[in-house]
Amino acid sequence: MSYNPSEIEARWQKKWDEEEAFEPSDSYEQKKKYILSMFPFPSGRLHMGHVRNYAIGDAFARYYRKQNFNVLHPIGWDAFGMPAENAAIKHGRHPKEWTYSNIDYMRKELNTLGLSFSKTREFATCDPLYTKHEQKFIIEMYEKGLLYRESTTVNWCESCHTVLANEQVEEGCCWRCDNEVELKEMPGYYLDIIKYADELLDDLAQLEGKWPSQVIAMQRNWIGKSQGLEFTFELSEESKAKLDGKFDGYKVFTTRPDTIYGVTYSALAVEHPITKYLVEHDLLSAKVAEKITAISNMTEVERAQEGKEGYPLGITVIHPLTGEEIPVWTANFVLASYGGGAVMAVPAHDERDFEFATKYDLPIKRVIQGGDELPYTGTGDLMDSGRFSCVGSEEAKIAIINIMEEEGKGKGTTNYKLRNWGVSRQRYWGAPIPFVHCPNCGLVPEKKENLPVALPDDVEITGEGNPLENHPTWKYCSCPQCGADAVRETDTLDTFVQSSWYQFRYATNPRKWEEVGIDKEDANYWLGVDQYIGGIEHAILHLLYARFFTKVLRDLGHHDIDEPFTRLLTQGMVLMDGAKMSKSKGNTVDPDALVEKYGADTARLFILFAAPPQKELEWNDSAVEGAFRFIKKLYDRKSKVTGNMLIDIDHSGLSKESKLARVKVYEALQKSTDVYENTFAFNTLIAACMEALNALDKQDNGDVWIEGMYIMLNLLEPIIPHVTAELSEQLFNRENLAAVLKVKEEVFVQESILYVVMIGGKKRTEIEVSPGASNEEILVAAKEAGDKWLQGMQVVKEIVVPNKLVNLAVKPI
């Protein structure tokens, strides 16, 4: 019977379901492995990036089951978010209906790939039960002072009437409607991630060697810890008067207090309260005020693209150590979110300050010796720095901080680039933030027994404003505290919140889902995730937020885990003609069509063989055909197996071809452990199995065929599970799939070593010598074998490359 993938795959998928083959055990006595791929957004169709992600994860899960681990390998749906609302607007469908119908379709697609997911652990983040426990966590964080509400500057889309995260702003425009985004001050909810900044930084050391180094570096840079001096620039008396006595000065932060004597100007962000006061009270020229307002409406990315721009504010501050008056400017490179939105500018020793000073002809004063040109950003002895002249930079930093603290002018402090996490969004399709606004009590959390605060179904999504804000009844309620008429919070949670704790939800036994969001015993057994797989594009935000949530939920008593993901693999993109596959480019490959034509095993084999998982994968139709041919060849070779029992093989009595076949089979077995535990290079394991099958084809020993197929089907089962299960059932009653395979070292004992003989730069012949042969003996044998090519030649150089080749350089006599 010829290879029929559709028949074989349907049979085994049904059988696995009947056997509940992929459900983890409730017994926690067994050693465990938790394999998790980042869950998908239910967009309606799988793409090849999904196939790659889940084929990698499935290979790990199946491998560890064979090693007798208790394996948790779940799947779910990252189901809230703006794309569902966009689809609702475009197709006139309710986001809930659209989302769950897509989940049903994509679940069927995943099933056709034979992925070994637990079916009992599946959930969608828009399920009310998931929302219920998430809202409990949010209330607990509020009660612990980790969640707060305040007004800050946000990205605002007037067309969509919603706040946008930075990643939802594309070239200054809204990713949904393409209208220009403006900066706007409005209230929102924030999680105090900065309280955990040091722990998030320090615990990266636990992940060294287990996470890609570039991901660790990206996280470290995003947190951006810097230590330095915070001090106050006091306004001159004249400037205080100009500002109507509303301000005495402002704080600045610097990581280079050793350069403080080189300050020649100070700069404020356009959003700084002093800048805004000057604009709003017409204390600047109309033209300057207009320019400042224009800058304030730009995103940080746009400002960076514009180059350095700024304007004098007509005020001065007093240098804290010299007493000099320093002019104050506003500049587009000063960020309101860092260091208080104000900087001391030292153009001689800072590239950004130098560029600005050069553009506007501001003074430049060198105070650090070293370097031939300015700006000089290194360290050295101080000059023109008062009592600190001739003191080294590092010593001066400490001394200047001490003096500023003694004189009550400043203090040593730590700053972070990391900003607190804004988690509120002005849209319908998200988890409602469980708070009530009461005229008597202020902001009040909903009672936990009343959770979940569920979304109303009777809404119309138009893209204009938040339907919850405009709902006629949903938002009106009683205060949980005093019973007065009150209004619900209409903002919903950022979708990063849902994906920050889902790994714990999977780990909790579904029988406990109604009762708890996270079961502590379950979490402590399963977490951390032993192998996490996902795209490099999530290297910062998702991974950082998940790490933060893990630490917060630990401190709230829900588990004892410090880090959520023990090992991380970031897979590369799937490309077509050098470009990322996308519907908008019309260069996608439909996984359904691929499976229908070739079968799921071919799709899985190709996606794992075409490139190492960490690298980009270029789509190649001929390589897909090649994967199919290999599987068909493997299936056809079942006729070579005439028994189902392994016997001890006398290796020394085998032919040369049979010996080589056994070597290739056991080389693949050796590679398997290294691939799963260290390199993740499935392509090399597949290549080794292909070589082994080719070598088996060149010999005819029946016992060697039995052994070879027994081992190869075991090795390939995590990658092409259907056909290997089928063949293993027919040939070995599937006993080989559960077998603990061991390398037989006698296979690699060499009776002779083959050397290639190169003469005059060309391969001329081969020789076999004993493993213990000396270089002299090898050279004698090489010259004898190559005698006819050495006639009339003088050997001028002899090179022996151990276990590989002999190279004889010659010239005419």
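The values are calculated or read from the model by the stated rules, or taken from the named source; none is laboratory data. Note that the coordinates shown come from a computational prediction; the quantities given were computed from them, not determined experimentally. Using ideal geometry, Cβ is built from the backbone for each residue, glycine included, and neighbour counts are taken over all protein chains shown.
Would you check which residues across the range 662-706 are in a helix (DSSP H, G or I) and more than 41 Å from the chain's Cα centre (by Cα) and list them?
Residues satisfying the conditions are L696, D697, G702, D703, V704, W705, I706.
Can you name the condition, by its number, that K32 falls short on among (1) in contact with a helix residue (DSSP H, G or I) (Cβ under 7 Å, 6 or more places away or on another chain); (2) on the phi > 0 side of the Ramachandran plot; (3) surrounded by fewer than 20 Cβ atoms within 10 Å (Cβ to Cβ)?
The one condition K32 does not meet is (2).
What is the number of the single condition among (1) exposed (fewer than 15 other Cβ atoms within 10 Å of the Cβ); (2) within 52 Å of the chain's Cα centre (by Cα); (3) of a type outside the set (S, T, N, Q); (4) part of a helix (DSSP H, G or I) that V747 does not meet?
So the condition that V747 fails would be (1).
Quick one: would you say A523 is modelled with pLDDT of 95 or more, small (G, A, S) and assigned by TED's automatic domain parsing to the domain that holds W501?
Yes.
Looking only at the range 237-257, which residues are farther than 11 Å from Y277 by Cβ and among the charged types (D, E, K, R)?
Listed by number, the residues that qualify are E237, E238, K240, D248, K251, R256.
Please state which of the following conditions T152 fails to meet, knowing it meets all the rest: (1) at pLDDT below 85; (2) within 24 Å of T462 (Cα to Cα); (3) not acidic (D, E).
(2)
Could you check the range 1-110 for helices (runs of 4 or more DSSP H) lying wholly inside it with 1 or more residues that are under 30 Å from V459 (Cα atoms)?
Helices (runs of 4 or more DSSP H) meeting the threshold: 82-91.
Of all residues in the range 169-189, which are modelled with pLDDT under 95 and either surrounded by 18 or more Cβ atoms within 10 Å (Cβ to Cβ) or among the hydrophobic types (A, V, I, L, M, F, W, C) (or both)?
Within the range 169-189, V169, C173, C174, W175, R176, C177, V181, L183, M186, G188 meet the criteria.
For residues that are more than 26 Å from E394 (Cβ to Cβ) and in contact (Cβ under 8 Å) with a residue 12 or more places away in the chain, tally how many sit in the range 209-228.
The qualifying residues number 9.
Is it the case that some residue within the range 312-321 is more than 23 Å from F253 (Cβ to Cβ), of a type outside the set (D, E), at pLDDT 95 or above and surrounded by fewer than 21 Cβ atoms within 10 Å (Cβ to Cβ)?
yes
For the range 117-130, give me each residue that is under 29 Å from K448 (Cα atoms) and touching a helix residue (DSSP H, G or I) at 6+ places or on another chain (Cβ under 9 Å).
Correct list: T120, R121, E122, F123, A124, T125, C126, Y130.
Looking at (1) of a type outside the set (A, V, I, L, M, F, W, C); (2) assigned to a helix (DSSP H, G or I); (3) not assigned by TED's automatic domain parsing to the domain that holds L715, can you tell me which one K763 breaks?
Against the list (1) of a type outside the set (A, V, I, L, M, F, W, C); (2) assigned to a helix (DSSP H, G or I); (3) not assigned by TED's automatic domain parsing to the domain that holds L715, K763 comes up short only on (2).
Yes or no: N803 touching a residue at least 12 places away in the same chain (Cβ under 8 Å), assigned to a helix (DSSP H, G or I) and out of contact with any Gly (no Cβ under 8 Å at 6 or more places or on another chain)?
It is false that N803 is touching a residue at least 12 places away in the same chain (Cβ under 8 Å), assigned to a helix (DSSP H, G or I) and out of contact with any Gly (no Cβ under 8 Å at 6 or more places or on another chain).
Within the range 621-661, restricting attention to residues that are within 42 Å of the chain's Cα centre (by Cα) and over 27 Å from Y63 (Cα atoms), which residue is surrounded by the fewest Cβ atoms within 10 Å (Cβ to Cβ)?
Filtering first and then ranking leaves S622.
Can you spot a residue in the range 332-349 that is without any contact (Cβ under 8 Å) to a residue 12 or more places away in the chain, assigned to a loop (DSSP other than H, G, I, E, B) and of a type in the set (A, V, I, L, M, F, W, C)?
No, there is no match, as no residue in the range 332-349 is without any contact (Cβ under 8 Å) to a residue 12 or more places away in the chain, assigned to a loop (DSSP other than H, G, I, E, B) and of a type in the set (A, V, I, L, M, F, W, C).
Which one is farthest from the chain's Cα centre (by Cα) among residues in the range 521-561 that are farther than 17 Å from S499 by Cα and acidic (D, E)?
E521
Where residues in the range 293-302 are surrounded by fewer than 20 Cβ atoms within 10 Å (Cβ to Cβ) and either among the basic types (K, R) or in a helix (DSSP H, G or I) (or both), which of them is modelled with the lowest pLDDT?
Applying the filter and picking the extreme gives V301.
Have a look at A61, A79 and point out the one that is crowded, with 24+ Cβ neighbours inside 10 Å and out of contact with any Asp or Glu (no Cβ under 9 Å at 6 or more places or on another chain).
A61
If S37 satisfies every condition in (1) surrounded by fewer than 20 Cβ atoms within 10 Å (Cβ to Cβ); (2) among the small types (G, A, S); (3) touching a Gly at 6+ places or on another chain (Cβ under 6 Å) but one, which is the exception?
(1)
Which ones in the range 302-326 are within 19 Å of S236 (Cβ to Cβ) and of a type in the set (G, A, S)?
Scanning the range 302-326 gives G314, G323.
Please list, ordered by residue number, the helices (runs of 4 or more DSSP H) wholly in the range 446-507 having 2 or more residues that are surrounded by fewer than 19 Cβ atoms within 10 Å (Cβ to Cβ) and not aromatic (F, W, Y).
467-470
Scanning for something under 22 Å from F253 (Cβ atoms), without any contact (Cβ under 8 Å) to a residue 60 or more places away in the chain and of a type in the set (A, V, I, L, M, F, W, C), does the range 176-198 turn up at least one residue?
No, the range 176-198 contains no residue that is under 22 Å from F253 (Cβ atoms), without any contact (Cβ under 8 Å) to a residue 60 or more places away in the chain and of a type in the set (A, V, I, L, M, F, W, C).
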